[in-house]
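Quick notes on the structure that follows.
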Amino acid sequence: MGIVEGHCDARFASVREIFEQSFASGEEIGAAIAFCVDGELVIDVWGGHHDVARTIPWRRDTLVNTFSTTKGMTAICAHQLVERGLLDLDAPVARYWPGFAANGKDAIPVRWLLSHQAGLPAVRAPLPAEALYDWNAMTAALAAQEPWWEPGTRHGYHALTFGHLVGEVIRRASGKTVGAWFREHVAGPLGADFHIGCGPELDEHISPLHGSLAPPPGPGGGPLSLPGPLGQFLKDMMDPSTMTGAAFLNPPGGPDRHNTRAWRAAEIPAANGHGTATALARIYGALARGGTLDGVRLLAPESIARAREEQAFGPDAVLGGLPMRFGLGFMLRHDFMPIAPSANAFGHPGAGGSIGMADPDAKVGFGYVMNKMKLGLVGGATAFAVLREFYARL
């Protein structure tokens, strides 16, 4: 048995070689990549192990937490409701969620939740750790929260609150939670092994994550100090008294909370999706070819075009001024996030390195998941290395 298993078309053999090298170099412990081209799964490979001791092999059905890669899955659910006439992007959020109107939020439209423009990246009032797993506690806190900036005037990454904000609108418009809607209308019909909220029966398939979301310490054990926007973001991220710190640390959590049963069981639609690279490649592969794959239609072409229309671009108010470009629930391709050569590529990365991407020009869907956490916001070294080589061979 080789380092890497699975199928890879002969023309992409060099992509597989780069992926294999990531294990030999120690870049990966366990990981998987998958590419769809016009609906055909041309690469579907995996390798490594669940554990640092390398005793439990990674399998094709190994699931792993993908953090913010989950946001793209949540966005698909919202756009399906728009397509069905159950949700209006330009209607005030308060039409669906009356309590949301408190503290000057009565005019915020649904689209600003999807484009990180609502000014609600964090809750100011300190919350107990368990609130993260309590849907009603999180949505009540957000309904009461006053925006951190005048909505619509800035954009700032809603790292955790995106899922509860968009998810509560989905719940009220459809009568179903995000996890239930996603299962019934996305993952189930497409046979995609991705879950927003996991029961204990899936635990044996889930690889734990290794490493921390926190930046490594700097010289002498103090906080890591870097120049420019990234340094400012890392500094603020570790200070819960700042807006950025509150966005990531309120509710607080231990360094290993993402490996707990409580985390897996909850629906945290911005951050706790568990899935395979194959699932991401198939879902984004459908979006890359007009919304339909294997007879299953996720979205109409006009819905996909609307979802990837630029809503905000420029310095991000939460991420230390780093340049971010957002559509409606998806990150869009630009130099800071070179997810594909195509200017029309869209998708979402997750903390630690995972990524899902659709390229409608080349009809490519891509997924990468891993269990070794890397520092960064827009995908890990392995993801971008295999992406570059894939497009060189396409």
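No value in this document is a laboratory result; all are computed from the given coordinates. None of the values given here were measured: they were computed from a predicted structure. Cβ placement follows ideal geometry from the backbone for every residue including glycine, while neighbour counts extend to all protein chains displayed.
For the reader, a short list of remarks on this structure follows.
- Approximate spin-label separation N103-A385, in nm, with each point projected 7 Å along Cα-to-Cβ: 4.5 nm
- Amide hydrogen neighbours beyond the local backbone of D134, cut-off 5 Å, H modeled: none
- Within-11-Å neighbourhood charge of P200 [Cβ basis; K, R +1; D, E -1]: -1
- Packing, taken as the mean count of other beta carbons within 10 Å per residue, orders the peptides 347-354, 120-127, 279-286, 192-199 from highest to lowest as 279-286, 347-354, 192-199, 120-127.
- The amide H of K374, built 1.01 Å from its N in the peptide plane, has G352, G353 as neighbours under 5 Å, considering only residues 5 or more places off or on other chains.
- Equivalent ellipsoid semi-axes, region 67-182, via Cα gyration tensor eigenvalues times 5, rooted, Å: 19, 17, 14
- Taking amide H as placed 1.01 Å from N in the peptide plane, I206 has its amide H under 5 Å from the amide H of L63, each at least 5 places away in sequence or on another chain.
- Flagged links, alpha-carbon separation over 31 Å, of K71/K235; K176/K235; K176/K372: K176/K235; K176/K372
- ³J(HN,Hα), Karplus 6.51/-1.76/1.60, whole Hz, each residue of region 299-307, x for Gly, Pro: 8, 6, x, 5, 5, 5, 4, 5, 5
- Other residues whose C-beta falls under 13 angstrom from the C-beta of E302 contribute a net charge of +1, scoring Lys and Arg +1 and Asp and Glu -1.
- Considering only P98, T153, T139, and ranking their Cα positions along the charge dipole of region 51-209 that arises from unit charges at the beta-carbon of Lys, Arg, Asp and Glu, the one farthest toward the positive end is T153.
- Here r is the Cβ-Cβ distance between E40 and K176 and R0 is 35 Å; the resulting FRET efficiency, rounded to 0.05, is 0.65.
- A cut-off under 14 angstrom between Cβ atoms defines the neighbours of C77, and their net charge, with Lys, Arg +1 and Asp, Glu -1, is +2.
- Dipole-positive endmost among T69, L375, S174 within the chain (Cβ charges, Cα centre): S174
- Under the criterion of Cα pairs below 8 Å and six or more residues apart, the relative contact order for the chain equals 24 percent.
- Note, ³J(HN,Hα) from phi for region 338-344, Karplus 6.51, -1.76, 1.60, rounded to Hz, x at Gly and Pro: x, 6, 6, x, 5, 5, 9
- Helix-only CD estimate at 222 nm, as mean residue ellipticity for the chain, using -39500 (n - 2.57) per DSSP H run (n ≥ 4): -8500 deg cm²/dmol
- Average projection, convex hull of the Cα set of the chain: 17.9 square nanometres.
- Between region 125-175 and region 80-115, the alpha-carbon centres lie 13 Å apart.
- Value of relative contact order over region 1-123, rounded to a whole percent, pairs C-alpha under 8 Å and six or more apart: 15 percent
- Between region 317-392 and region 301-315, the Cα center-to-center distance that results, in Å: 15 Å
- Of the peptides 296-308, 106-118, 173-185, the ranking by mean beta-carbon count within 10 Å, highest at the top, reads 106-118, 173-185, 296-308.
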